[in-house]
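Taking it in order: structure first as structure tokens, then the write-up.
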Amino acid sequence: MSQKKTIEELEKKVDALQREARDLKVMILELKREEKESQTDRITEPTPDITNYQKDIKSKGIVREEREPIDWERQIGQIWLPRIFIFVLLLGVIWAFKAASDYGYLNNSVKITIGYLSAVILLYIGGRQIRSNRVALGQVLFGGSTILLLIVTFAMHVLYNMVPLLVALVLNLIWIGMGIYFSHLFKSQPLAVLTGIGGYLIPFLLKNNDPNILNLVIFETIFYCILLLFALKKQFKILYLVSFVMLHITLLASIAITGSGQEKTFGIAVLIQHGLLVATFFLKKDFMKYQMGVLYTSFILTMSWVGLSFPETQYEMIVLLTFALYSFLSIISWNKDTTRIPITLSISTLALLLFLISKFDEENIMGLIVLQGLLSIYIGILASSKLQQAVGASIYVLSGLVIISTDFYSIASIDFLNWVVLLGTLIVVVRLLPSVEVIKENEITKVRQIIHIVFMVLLLPFITHTVQALTHEFTLNIKYMAVSSSWGIYAFIGVILGSIKNYKPLRVFGLILLFITLAKLFFVDLTYVSIFIRAVLFIGLGILGIIGSRILYKNEYK
């Protein structure tokens, strides 16, 4: 019985093994078939099903937005056309009033009334357009209404003297507030820009034989402050830039048209603008890049206005106060605000430069400016500010070029001291090179060699001027001999030091200078010096050349 059961169990196992063998055979055949199909697919490379691919992308939540082509007809006809021609309409209204006034058809009260009614009509029509989904046209009409209200109020006060300054100022502020409210309501930057441009141009749209410059400047300055704060609040970058630029344009146009002698008033307006820019620069950081560029530009324009508008003493005081302000801001921002510190440091540096240039004569201050440039580079390194390093380097290079272009005739002169300062600071610059972020690490060696060469080249005219200053009371023979001898000794020292330090640029410079000195002896000194001086110079230079050759030979083959 047990034997029978054992046989049955063996038969079951054999059947199971047979089934597994069949399954394996089927799997092998299936794998071979799939491999053949994949090989066929690689050969034919059929075009993928784009529809299914897009469906798969959408099912995975990946949607690629396709940019629609620009409808230029809509852009020009519906958006830009009303923006441009609203100004044409306003100019036509202004000139119609002027013509009616010239021919005596309308008195001043009637003209003002018609102007206000026209503004209300524009408001009504603009509201109708917006409710009809013609938003762009409606916004432009709203902006035109605001500008017309400003124009009529300006004419009522300035041209016709119908209301005092305070009333006109309050009314204009109300109209500006209304334009800004519309811009806020519709979230429309173009409407705000339109209101801003119109407000700035009001004084120039109407003729005035006796303009009140103070009133004009007060209005434009308050107008700018409102626009700036609104632009920052709504993050309107274009309005921020336009409002800044338009104030300077209107002030310049006022001077050009009126020829006013009240330039100090314009200078005060620009100072107020710059002060507001500084305050908002530290209070707001919504679009810092724009603020940085505008603040830097504003500093340059403000200092130009102040220089033209104020007496020299007041100008120097304002520049000095500006330097103190930006230095204080740099100190409080140190290691805390890496975004603002480059701007405050560089403006502080430029303010100090302007003060030094204004306070002292050029020849007396160049050495100090070189030191300022070097110190600015070092401060830029400590603050990790590439902008500050670049500003310091620019000051250093430009002041150095001024010094190089100046000769000196006495070692007791300030020009001699300036040369000494320049040459001495070049040595410090070489030490600072590894820390300068503007220079890449793989370029430091090359820049160091360039500075060494510049130092060696500059040392030659310095030696020449020094020798000439020391021998100015001697005869011509002595002067020529002293200069040529100093050149030869300088070349000889260059060869020796270049060999000892194994520094090729110095050796090569020494060799070149030896040949230049020899050329000077032949083509210059032979004409002017006596035969005794010629003998001394040629013997001395010959000895230096032979010794230099021996040193180079020894250095090469030892």
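Placing unit charges on the Cβ atoms only, positive for Lys and Arg and negative for Asp and Glu, gives segment 311-459 a dipole magnitude near 620 debye about its Cα centre.
Fully extending the segment from ASN133 to VAL420, taken as 0.36 nm per residue of separation minus the present Cα-Cα distance, adds 95.8 nm. When you work out D = kT/(6 pi eta Rh) for segment 311-459 at 25 °C and 0.890 mPa s, using the Kirkwood radius from C-alpha pairs as Rh and the Stokes-Einstein form, the result is 150 µm²/s.
Here the label points at LYS187 and LEU321, each 7 Å from Cα along the C-beta direction, are separated by 4.3 nm in the simple model. Multiplying the residue separation of SER358 and VAL447 by 0.36 nm and removing their Cα-Cα distance gives an extension gain of 28.7 nm. Packing-based ranking of 243-253, 290-300 yields 243-253, 290-300, ordered from highest to lowest mean Cβ neighbour count within 10 Å. Cβ-Cβ distance of THR297 and VAL508, R₀ of 60 Å, FRET efficiency by 1/(1 + (r/R0)^6): the value works out to about 0.85. The length gained on full extension between ILE516 and LEU432, counted as 0.36 nm times the residue separation minus their Cα-Cα distance, comes to 27.0 nm. Computed from backbone phi, the HN-Hα couplings of segment 366-381 come to 4, x, 5, 5, 4, 5, 5, x, 5, 5, 5, 4, 5, 5, x, 5 Hz, rounded to whole numbers (Karplus: 6.51 cos²θ - 1.76 cosθ + 1.60, θ = phi - 60°; Gly and Pro given as x).
Rule-based calculations on the coordinates, nothing more; no lab input. Only a predicted model underlies this, so the values are computations on that prediction, with no experimental measurement involved. Here the Cβ is made from the backbone with ideal geometry for all residues, glycine too, and neighbour counts use every protein chain on show.
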